[in-house]
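See structure below.
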Amino acid sequence: MDPLASPAHGWFPAAPPPIYCCTLTPALVAKAREELQEKPEWRLRDVQALRDMILKEQPNLRTRLDDAFLLRFLRARKFDYDRALELLLNYHAGRKAWPEVFRDLKPSTVKHVLDLGFLSVLPHPDPSGRYILCLQPGKWKPNDYPFVDNVRALYLTLEKLIQPEDTQVNGIVILADYTGVGMSQASNPGPFLAKKVVSILQDGFPIRIKAVNIINEPMIFKGIFAIIKPFLKEKMAERYVLHGSDVRSLHRNIPPTVLPGQYGGSAAHLDMSAWSRMLLDCEEEFIVEFCQPDPLEGVVLPEDMLLEGEAGGGPEEDPFRAVRSQLYYCY
């Protein structure tokens, strides 16, 4: 068992210690060098360089400056200092631009989402060492609670997933099961919220999403993807794979050895409550991380910074009326 694993949740690593100590295997050190331009002998020098940039260019930014935290941003942007700093600012700007997601953000406030099984993480990574985030949007009913609660649960999950250095190097895989998704779920978020979610995942969070596998998608998914695709970068759009109900197609991307029986796999039945318990046990950790004063108070950001604008309807929705019509047509 991983010595850093939590005693209560042995299948997932515990939070890293306050003082950085590299936990990468020699194979992952080599992978990080090849794919992320990370040189072990220069690692802490690069972290210090990013720290110096933050202190010089954004002296009022109340952000973590420890090695482990800053490494997430350097790895996500292949040790390009300028892009890493931009990602860090976007990371904090997302909180300011979407306060209903980040206000009082802790697992207990989204327990209803976690108990529903809207999302979970498979207990075994794939052969490439990537944890698999499993989403089941069909379980959500718009009358039960607002869509933004799903985003809150997703963000907390990503925050936990990015803690292990293995994930920072390997990235993650998403498996989205669209069983039960109908018109009410598909049309509820709208293009404006879809744009915000995509912006956070692409430009405002230090995680590498290596593949998005869609299974059991209904005909209406063509309309859903039409809403999402305009906001996706070309590289990310190419990582979407639609499998329909063909589990053999899914197995060509995610081996059956790590999948539960419901997806034709040989792994144990998926315990949807396991990830819920994991997050709820980390309540204090998230309170320290998110339930603090606004980190951007007094900070001047570029005008084109991520997620500007107010939520809601208005003129910004108008260009997407044709997309919504397509959604109804597909349905």
Check your understanding: Do we have any residue at all in the range 81-89 that's touching a Lys or Arg at 6+ places or on another chain (Cβ under 7 Å), open to solvent by 40 Å² or more (accessible area, probe 1.4 Å) and part of a helix (DSSP H, G or I)?
Key -> yes
Revision key, fill the gap. Counting only residues in the range 41-72 that are touching an Asp or Glu at 6+ places or on another chain (Cβ under 9 Å) and farther than 19 Å from Val29 by Cβ, the one most open to solvent (accessible area, probe 1.4 Å) is identified as Arg62
Exercise for review: Could you grab me the full set of residues in the range 103-113 that are at pLDDT below 95 and either in contact with a strand residue (DSSP E or B) (Cβ under 9 Å, 6 or more places away or on another chain) or among the aliphatic types (A, V, I, L, M) (or both)?
Suggested key: Leu105
Check your understanding: Inside the range 101-198, counting only strands (runs of 3 or more DSSP E) that do not spill past its ends, which hold 3 or more residues that are among the aliphatic types (A, V, I, L, M) and open to solvent by less than 20 Å² (accessible area, probe 1.4 Å)?
Key -> 172-177
Study note, to complete from the structure: Among helices (runs of 4 or more DSSP H) completely within the range 236-331, the ones holding 3 or more residues that are at pLDDT below 90 and farther than 24 Å from Val212 by Cβ are 283-290, 321-330
Exercise for review: Would you check if there is a residue in the range 217-230 being open to solvent by 30 Å² or more (accessible area, probe 1.4 Å) and either in contact with an Asp or Glu (Cβ under 7 Å, 6 or more places away or on another chain) or under 20 Å from Pro123 (Cβ atoms) (or both)?
Suggested key: no
Review point. Any residue at all in the range 16-35 that is in contact with an Asp or Glu (Cβ under 8 Å, 6 or more places away or on another chain), of a type in the set (Gly, Ala, Ser), assigned to a loop (DSSP other than H, G, I, E, B) and closer than 21 Å to Arg130 by Cα?
Key: no
Study note, to complete from the structure: Lys78 passes all but one of the listed conditions (1) basic (Lys, Arg); (2) modelled with pLDDT of 90 or more; (3) part of a helix (DSSP H, G or I); the exception is number (3)
Revision key, fill the gap. All conditions in (1) more than 30 Å from Ser273 (Cβ to Cβ); (2) open to solvent by less than 50 Å² (accessible area, probe 1.4 Å); (3) at pLDDT 95 or above are true of Glu35 except (2)
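The values are calculated or read from the model by the stated rules, or taken from the named source; none is laboratory data. Being a predicted model, the structure only gives us computed values, none of them experimental. Quick reminder, even Gly has a Cβ in these numbers, built from the backbone with ideal geometry, and neighbours come from all protein chains shown. Just so you know, the surface numbers come from the protein's heavy atoms only, side chains and all, with ligands and any DNA or RNA stripped out. Shrake-Rupley method; radii C 1.70, N 1.55, O 1.52, S 1.80 Å.
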